[in-house]
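The values are calculated or read from the model by the stated rules, or taken from the named source; none is laboratory data. Everything quoted here is computed from the prediction, not taken from an experiment. So basically every Cβ, Gly included, is an ideal-geometry build from the backbone, and we count neighbours across all protein chains shown. Please note that ligands, DNA and RNA were not included when accessible areas were found on the heavy atoms of the full protein model with its side chains. Shrake-Rupley method; radii C 1.70, N 1.55, O 1.52, S 1.80 Å.
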Amino acid sequence: MYLVHRIEEVAATYDDSRRTLAEYALREHARLPELTIADVARETYTSKASVTRFAKALGFDGWRDFIREFVREGAFERQHAADVDVNFPFTAQDSDARILENIGNLMAESVAATYAQLDRGMLAMAVRHLQRAGRVWVFGRTPNHYCGESFCRKLLAIGRQATAVSPGEMGIVARSLGPDDCAIIISYSGNNADANPMAQVGAMIANRVRLIALTSGGNNYLRKTVPCVLTIASRERLYSKIANFSTEESVSYLLNVLFSCYFAREYEKNLQTKLVGGHALEEERLAVLKEISERR
């Protein structure tokens, strides 16, 4: 999880001076490196001690360490800036044609960024986890849950047991799994160990479940806890955005790559299962349509 995401989490989590300072840092990010700790305290109507506590809440020794990382991350973001703003890819003044172009470019850039960060060794490990597991489970809150459902449907079509776990059933399902199961944990922030789906990771590790995490870049709980991690494109803010355009495209791409690499390990067998199953489903559909037609 990058620093800007951690600042957003502080703004959303606390209801004291830390929230005030987090919102100020997000709003005044361009000016922040030029300000002293006294400047920040004065403009936020807080104190120097509060500013220091804010920096420590983010894992830094003090304000100077925080600003050093803030500047470094800002420079990296500017250096790798995309053509389209992933958080606000269109405005109220944009035409339909401009929106069409921007969303298309955003999707392409999200896939390209995901591809560039894809660790081939991690991908191979994830495929092995799928191969060795008897059942596959996907844990993700909405909208990641919907991406998981699509992935599971592809696996079901080639004869694999796969389930996208309902957000309300994560706890009970996680505790029922064991060494024959593979669980895919999807969380962009991946940082709150007390919130689902991260809250279920400890129980699954204890039960020796094979784990695959899909999460953003930077340090977070999932990266520290799960050995097999695939990286979601990380330029999107947690909350300050129109929609999860980039994240959804990145997650879908990773799951499609994971499925395709798994499929390719036993290509002929999986293709035959898919074709035979597809033919049988089509025959069932036509039979139902015929029955409905005859009843009329």
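Of the numbered criteria (1) at pLDDT 85 or above; (2) open to solvent by 20 Å² or more (accessible area, probe 1.4 Å), the one LEU254 fails is (2). Checked across the stretch 91-100, the condition of being touching a helix residue (DSSP H, G or I) at 6+ places or on another chain (Cβ under 8 Å) and β-branched (Val, Ile, Thr) holds for no residue.
Out of VAL136, VAL71, which single residue is of a type in the set (A, V, I, L, M), in contact with a Leu (Cβ under 9 Å, 6 or more places away or on another chain) and open to solvent by 50 Å² or more (accessible area, probe 1.4 Å)? Spell out how you get there, then give the answer.
Values: VAL136 fails: open to solvent by 50 Å² or more (accessible area, probe 1.4 Å).
Going through VAL136, VAL71 in turn, the sole match is VAL71.
Within the stretch 27-42, the set of residues being under 33 Å from the mean Cα position of the chain (by Cα) and of a type in the set (Val, Ile, Thr) comprises VAL40 only.
In summary, strands (runs of 3 or more DSSP E) completely within the stretch 132-212 and bearing 2 or more residues that are over 18 Å from PRO227 (Cβ atoms) occur at 135-140, 161-164. For the stretch 76-91, indicate whether the set of residues that are part of a helix (DSSP H, G or I), out of contact with any Lys or Arg (no Cβ under 9 Å at 6 or more places or on another chain), over 30 Å from GLY202 (Cα atoms) and acidic (Asp, Glu) is non-empty. So far as the stretch 76-91 goes, no, none of its residues is part of a helix (DSSP H, G or I), out of contact with any Lys or Arg (no Cβ under 9 Å at 6 or more places or on another chain), over 30 Å from GLY202 (Cα atoms) and acidic (Asp, Glu).
Based on what the data block shows, is GLU109 within 23 Å of LEU21 (Cα to Cα) and touching a residue at least 24 places away in the same chain (Cβ under 8 Å)? Even if it seems obvious, please write down each step before you answer.
Values: within 23 Å of LEU21 (Cα to Cα): no; touching a residue at least 24 places away in the same chain (Cβ under 8 Å): yes.
Against the criterion (within 23 Å of LEU21 (Cα to Cα) and touching a residue at least 24 places away in the same chain (Cβ under 8 Å)), GLU109 does not qualify.
Restricting the search to the stretch 7-52, which residues are closer than 24 Å to ALA193 by Cα and out of contact with any helix residue (DSSP H, G or I) (no Cβ under 9 Å at 6 or more places or on another chain)? Residue satisfying the conditions is ASP15 alone. For the stretch 43-64, filtered to residues that are part of a loop (DSSP other than H, G, I, E, B) and under 29 Å from the mean Cα position of the chain (by Cα), the residue that is surrounded by the fewest Cβ atoms within 10 Å (Cβ to Cβ) is ASP61.
Annotation note: Cβ proximity below 8 Å between a residue of the stretch 197-209 that is surrounded by fewer than 21 Cβ atoms within 10 Å (Cβ to Cβ) and a residue that is part of a loop (DSSP other than H, G, I, E, B) and at pLDDT 95 or above (sequence gap 6+ or interchain) occurs for ALA203/ARG175; ASN207/ARG175; ASN207/LEU177; ASN207/GLY178; ASN207/PRO179; ARG208/GLY178; ARG208/PRO179. Test LEU26 against the stated conditions and say whether it is closer than 23 Å to ILE232 by Cα, surrounded by 12 or more Cβ atoms within 10 Å (Cβ to Cβ) and touching a Gly at 6+ places or on another chain (Cβ under 8 Å). For LEU26, the condition - closer than 23 Å to ILE232 by Cα, surrounded by 12 or more Cβ atoms within 10 Å (Cβ to Cβ) and touching a Gly at 6+ places or on another chain (Cβ under 8 Å) - is not met. How many residues does the stretch 220-251 contain that are open to solvent by 20 Å² or more (accessible area, probe 1.4 Å), within 20 Å of ASN196 (Cβ to Cβ) and assigned to a loop (DSSP other than H, G, I, E, B)? The total comes to 3.
Scoring ASN192 on the criteria (1) in contact (Cβ under 8 Å) with a residue 60 or more places away in the chain; (2) closer than 30 Å to LYS269 by Cα leaves a single failure, condition (2).
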